[in-house]
Amino acid sequence: IIFIGLDSNLYQRVAISTNSWVSHVGIAFSEKDRFGRTEWYVYESAPLRGRKVKVCDYVGRAFKGQFAVARSQRPLSETQKQSILKFLIDHHGSVYHLGFNYQAEGYQFCSKLVHQAYATAGIEMGKF
């Protein structure tokens, strides 16, 4: 899980309301490119739609270059990793919910995407 702060009114309001510098979150995964090289990507829910971006581009958007990475205390099993990745791929392109309503079906926002992706792997990530 990779956290950043973004310099926009929407994301600054998120950081203020959570009393943190963090205003955005995504999940990083490595994939092999067509030449067999490992590339790292972040799956994120962002206005207007969810997407996959290179880690360097994701971190490059961070306000003041700040980012943080969090890992599970216990290593994820291969089954858990695949469950999370499948969820992220299935929700690639989901419409962003600017009202941050967790109950709004068919809509995502960044922390909801992370929360639900980990839930599919049986990992509870806090309460909404």
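The values are calculated or read from the model by the stated rules, or taken from the named source; none is laboratory data. Bear in mind that the values here come from a model prediction, so they are computed numbers and not experimental data. Cβ atoms come from the backbone with ideal geometry, glycine included; neighbour counts cover every protein chain shown. The protein model used for the area step is the full one, side chains on, heavy atoms only, and it has no ligands, DNA or RNA in it. Shrake-Rupley method; radii C 1.70, N 1.55, O 1.52, S 1.80 Å.
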Among the residues of the stretch 12-30, is any touching a Gly at 6+ places or on another chain (Cβ under 6 Å), basic (K, R) and modelled with pLDDT under 90?
no
Given (1) modelled with pLDDT of 95 or more; (2) exposed (fewer than 14 other Cβ atoms within 10 Å of the Cβ); (3) closer than 24 Å to L6 by Cβ; (4) not hydrophobic (A, V, I, L, M, F, W, C), number of the condition G126 does not satisfy:
(1)
Counting only residues that are over 13 Å from the mean Cα position of the chain (by Cα), surrounded by fewer than 15 Cβ atoms within 10 Å (Cβ to Cβ) and in a helix (DSSP H, G or I), how many does the stretch 85-123 have?
3
Among the residues of the stretch 46-68, are any small (G, A, S), touching a Phe, Trp or Tyr at 6+ places or on another chain (Cβ under 7 Å) and surrounded by fewer than 18 Cβ atoms within 10 Å (Cβ to Cβ)?
yes
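What about I16, is it open to solvent by 40 Å² or more (accessible area, probe 1.4 Å) and hydrophobic (A, V, I, L, M, F, W, C)?
Details: open to solvent by 40 Å² or more (accessible area, probe 1.4 Å): yes; hydrophobic (A, V, I, L, M, F, W, C): yes.
Taking the combined requirement at face value, the residue satisfies it.
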When both residues are 6+ apart or on different chains and their Cβ atoms are under 8 Å apart, which pairs have a first residue that lies in the stretch 35-63 and is in contact (Cβ under 8 Å) with a residue 40 or more places away in the chain, and a second that is among the basic types (K, R) and surrounded by fewer than 19 Cβ atoms within 10 Å (Cβ to Cβ)?
V42/K52; V42/K54; Y43/R51; Y43/K52; E44/R51; E44/K52
